[in-house]
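Have a look at the structure below, then the notes.
Every number in this text was worked out from the coordinates using simple rules, so none of it is lab data. Owing to the predicted nature of the structure, the values given are computational and were not obtained by experimental measurement. Every residue, glycine as well, gets a Cβ built from its backbone with ideal geometry; the counts of neighbours run over all protein chains shown.
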Amino acid sequence: MDEHYNCQCSCGEVKFAVHGRPLFRAFCHCTICQAFNGAPYADITLFRARDVAMPNPEIVEYKTYRPPPAVQRGVCVSCGRPAVEFMDIFPMPKLVIIPSANIRDAALVPDPALHIFYNSRVSDIGDDLPKHNGYWGSQLAFGHKLIGAILGRK
Ligand SMILES: [Zn+2]
Ligand SMILES: [Zn+2]
């Protein structure tokens, strides 16, 4: 693959590039993520939108689901698999959410930080990460982690 691109969908049609550091990585067990990913949970890594050169919009089909609100979820028009998502929740900086498996550079995939919507899990996860349940519990944990990452806290 072209060295310029460090992210791609599972078939390689959708290619794009991340230039900055990730904010954090999370596992989301919500039912929308389960359906969207065809998996028990989503493994996602967040970046500031300004650090991502988004793929050509003609090869990505964006859909809006809810909850959570304001997330545009893009699938590759070729393989139909998740390609990239973006989120714009004022007054937060715009965010890009990338399925961790689509990031080809392992240095850009941090250790996961938390589970959200764990109450919707398909099966128990035996790790030591914090596990947050329900809509508000998950949103607050996610928001808190996000603010900390944006401010540069660990
Ligand atoms: Zn594809
Ligand atoms: Zn989710």
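Assorted remarks:
- Summing Lys and Arg as +1 and Asp and Glu as -1 over all other residues whose Cβ lies under 14 Å from the Cβ of Arg121 gives a net charge of -2.
- Rounded, prolate or oblate (a/c below 1.5 giving rounded, otherwise prolate when a/b exceeds b/c) for the stretch 65-154 by Cα gyration tensor: rounded
- Alpha carbon centroid spacing (whole Å) that separates the stretch 23-38 from the stretch 41-64: 14 Å
- The residue among Ala17, Ala42, Gly134 whose Cα reaches farthest toward the positive pole of the charge dipole of the chain, with charges on the beta-carbon of Lys, Arg, Asp and Glu, is Gly134.
- Anchor Lys94: aspartates and glutamates whose Cα lies under 16 Å away (excluding residues fewer than 8 positions away in-chain): Asp51, Glu85
- Stokes-Einstein D (µm²/s) once Rh is taken as the Kirkwood radius of the chain over alpha-carbon pairs, at 10 °C in 1.306 mPa s: 102 µm²/s
- Sum of side-chain charges, Pro110 neighbourhood, beta-carbon under 9 Å (Lys, Arg +1; Asp, Glu -1): +1
- Sequence-distant contacts, meaning Cα pairs under 8 Å at least 6 residues apart, place the relative contact order of the stretch 7-150 at 27 percent.
- Placing a label point 7 Å from the Cα of Asp51 along the Cα-to-Cβ line, the residues of the stretch 119-154 whose backbone N sits under 17 Å from it are 143-154.
- Residue (of Pro82, Pro110, Val71) at the positive-pole extreme of the stretch 38-154, dipole from beta-carbon charges: Val71
- Between the amide H of Cys7 and those of Phe16, Val18, Arg104, distances stay under 5 Å, these residues lying 5 or more places away or on another chain, with hydrogens modeled in the peptide plane.
- About the Cα centre, charge dipole magnitude for the chain (Lys/Arg +1, Asp/Glu -1 at Cβ), debye: 460 debye
- Degrees between helix 135-150 axis and first principal axis of the chain (Cα, 0 to 90, nearest 10): 60 degrees
- Separation of alpha-carbon centers, the stretch 66-106 and the stretch 108-147, rounded to whole Å: 17 Å
- Amide H contacts of Val84 (H built 1.01 Å from N, under 5 Å, at least 5 apart or other chain): Gly74
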